[in-house]
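Worksheet: one structure, shown below.
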Amino acid sequence: MRMVDLIEKKREGKELTTEEIKFIINGYTDGTIPDYQVSALTMAIFFKDMSERERADLTMAMVESGDQIDLSAIEGIKVDKHSTGGVGDTTTLVLGPLVASVGVPVAKMSGRGLGHTGGTIDKLEAVDGFHVEIENDEFIRLVNKNKLAVIGQSGNLTPADKKLYSLRDVTATVNSIPLIASSIMSKKIAAGADAIVLDVKTGAGAFMKTLQDSENLAKAMVNIGNNVGRKTMAVISDMSQPLGFAIGNALEVKEAIDTLKGEGPDDLTELCLTLGSHMVFLAEKASSLKEARELLKKAIEDGSALESFKVFLESQGGDASVVDDPSRLPQAQYKVELQAKEDGYVSEIIADSVGTAAMWLGAGRATKDSVIDLAVGLELRKKIGDEVKAGESLVTIYSNQEDIEDVKNKLYESIKVSSEKMDAPTLIHTEIT
Ligand code: URA
Ligand code: CA
C-alpha cells in the first residue's frame, strides 16, 4: 500500500477500506508516514467527508493506536459523560457524585488542558489535599466502593489522535465533522466506557456556534458510538451565555456544592438532571427517563448526592469539610462588583468573551505552562432576560490583582443591557439517540 494512492483515492471522494485506514493510522503513529502526507489526507477528508463506516474505522484505528483502559473489574455498566466544552461548565463536578449516589459507577479519567478555567482536575484541586495521582488498582477499588473516582489521564491514550489533532491545528483542518467526531469518540472509547452521554454545546461560547452544526456533530458522534458497540446519545444544550453563575475553579466547586444541595442555579441544575437521567437510564438503574429523574431529585433532597461528594473528596485525600464550609476553599483578595450603567434587561452575555475575562484574572491557562489561580473568577449576578437597575451588580469579580480595568471593560463589552424584555435562551434544544 502506498500513502500517495490513498490520498488520491480520498481526493477523488472514494471510500477508504478498513485496512487502508488502519495502514494510515498505524503508519502515522509509528512515524513511517510523514506529516505532509497526512496533512494532504486530512485536507481531502475536509472536502470529501467520510462515510459512516470510514468514521467508525478511523475511530477504532485511533483507539487501537495506544492503551485502552480496562474497566471490567468494576461492577455494573460504566457510563461516561463528555461535554464539547464551554464557559463555566460545572456539570462534571455535579454529575459525578449525583449519579454515583444512585448507584451508577463513575470511573472518570480527566485532564487539565487549556481554557477559560482549568479542567475538572484543576477545579477539584481547589479542595485542600485532593489529588488524582492514584494507582489503577486503587482507582478500581474506589469506584467499586464509592461508585466514584477520578484519575489523571494515562500517558499513552490514543497517541494517533494527539498527533493528528496537533497537525490539524496548524493545517486548517480542525473544523471537519468526521475528524472532530472520531477524535472525541476515540478518547472516550479508549477510556473504557460501556455507554456514553454527550453534551454538545451550541452558541457563542461553544465549539459549534450554530444549532445545525452542533446537531451534525452530535449525530456523527452518536453514530460512531453505536456503530462500534457503545450505547451513545447526545443532548444539545445552550452555550450562548455561560452555564450557571460561577466561572472559576474554587467558585465552581462552591457552585457544584450548592447544586448538590438543591440550591444551585436553575440552568445548571436542569442540565445536570437531564444528562444525569440519561446516564442512569443507560446504566440500567432505572427503567425510564422519568424514573431516573425522580431518583436523582430524591438524592438531592435527601442529602445522599452531597454525601457522595464528601466521601469522594475524602477518599482522594481532600478536605471534605469544604462541603459544609465553602469558605475553606481558596479565597481571592479582592471582590469587586461590576455595576450596570443603565436600567433595562440583560439581552446578551457573550460566553466566550466572559470566559476570556476570567482567564485574564488567572482562572485558566493561556499556554501549557501557565499557572492557574484557583481562587479567582467571576460570579454572574444576572442572566439573559433578567431585569437590571443602574448601579446594580451584573457580575462579582474575584481577583488577586488590584488593577482590573481591562477585565471590567471586557465584561462591559460582553454583557448587553437593552430596553426590551428578552426571554432566557432555550437551555436544551434536542436529544439525539
Ligand atoms: N476536541 C477534540 O478532542 N478533538 C477535536 O478534533 C476537536 C475538539
Ligand atoms: Ca458555572
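We did not get these values from a lab; they are worked out from the coordinates using the rules stated. Just so we're clear, the structure is a prediction, and the values are computed from it rather than from any experiment. A quick note on method: Cβ atoms are made from the backbone with ideal geometry, for glycine too, and the neighbour counts reach across all protein chains shown.
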**Q.** Calculated [θ] (222 nm, deg cm²/dmol) that DSSP helices of n ≥ 4 give over the chain, each run adding -39,500 (n - 2.57)
**A.** -13500 deg cm²/dmol
Q. Past the 29 Å Cα-Cα mark, which pairs from Lys145/Lys231; Lys48/Lys416; Lys219/Lys310; Lys108/Lys297; Lys219/Lys410; Lys9/Lys201?
A. Lys48/Lys416; Lys219/Lys310; Lys219/Lys410; Lys9/Lys201
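Quick check: residue separation of Lys389 and Asp137 times 0.36 nm, minus the Cα distance between them. What number comes out in nm?
Stretched out fully, the Lys389 to Asp137 stretch lengthens by 85.1 nm.
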Q: Would you kindly calculate the translational diffusion coefficient of segment 3-48, applying Stokes-Einstein with the Kirkwood radius from alpha carbon pairs, for 25 °C and a viscosity of 0.890 mPa s, and quote it in µm² s⁻¹ without decimals?
A: 235
(Q) How tilted is helix 35-48 with respect to the longest principal axis of the chain? Cα atoms for both, answer in degrees (0 to 90, nearest 10). (A) 80
Q) Any idea how far the Cα center of segment 5-25 sits from the one of segment 42-121, in Å? A) 26
Q) For segment 79-325, what relative contact order do you get, as a whole percent, if you take Cα pairs closer than 8 Å and at least 6 residues apart? A) 31
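Report Rg(Cα)/(2.2 N^0.38 Å) for segment 79-325, keeping two decimals.
On the way: Rg = 17.1 Å, N = 247, 2.2 N^0.38 = 17.9 Å.
My calculation over the Cα atoms of segment 79-325 gives 0.96.
Below 8 Å between Cα atoms, with a sequence gap of 6+, how large is the relative contact order for segment 41-127 in percent? Could the numbers behind the result be given before it?
On the way: 39 pairs, mean separation 18.8, N = 87.
For segment 41-127, the relative contact order is 22 percent.
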Q. In the Gaussian network model of the chain, springs joining C-alpha atoms below 10 Å, which of Phe46, Phe245, Phe139 carries the largest mean-square fluctuation?
A. Phe46
(Q) Averaging the inverse of every distinct alpha carbon separation and then flipping it gives the Kirkwood radius. What is it for the chain, in angstrom units? (A) 22.5
**Q.** Dipole moment magnitude, nearest 20 debye, segment 331-418 about Cα centre, only Lys, Arg, Asp, Glu C-beta charged
**A.** 200
Q: Name the residue farthest towards the positive end of the dipole of segment 331-418 from the options Leu374, Ile397, Ile349, assuming +1 on Cβ of Lys and Arg, -1 on Cβ of Asp and Glu, about the Cα centre.
A: Leu374
Q: Rounded to the nearest 0.05, what FRET efficiency do Glu307 and Asp403 give with R0 = 35 Å and r taken as the Cβ-Cβ distance? Could you check?
A: 0.25
Q) Which value in Å does the Kirkwood hydrodynamic radius of segment 155-263 take, with 1/r averaged over all unlike C-alpha pairs and then inverted? A) 15.7
Q) Distance from the Cα centre of segment 382-433 to that of segment 128-155, in angstrom? A) 36
Q | Acute angle (nearest 10 degrees) that the helix 136-146 long axis makes with the longest principal axis of the chain, alpha-carbon atoms | A | 50
Q: Give the Cα extents of segment 41-108 along the principal axes, in whole Å, largest first.
A: 47, 34, 20
Q: Normalising by the residue count of the chain, find the relative contact order in percent from Cα pairs under 8 Å and 6+ residues apart.
A: 20
**Q.** Loop-resident sites, segment 330-388, for trypsin sites (Lys or Arg not before Pro), counting at most 10 other Cβ within 10 Å (DSSP)
**A.** Lys368
**Q.** Check: the chain dipole with +1 on Lys, Arg Cβ and -1 on Asp, Glu Cβ, in debye
**A.** 880
Q | Crossing angle, helix 405-414 versus the chain [Cα axis fit, 0-90 degrees, rounded to tens] | A | 70
Q.
Give me the one-decimal Kirkwood hydrodynamic radius in Å for segment 364-433, with the sum taken over alpha-carbon pairs.
A. 15.2
Q.
With both bridge residues required to lie in the chain, what share of the DSSP beta bridges run antiparallel, to the nearest 5%?
A. 55
Q. How long, wide and thick is segment 109-149, going by the Cα atoms along their three principal axes, in whole angstroms, largest first?
A. 33, 19, 16
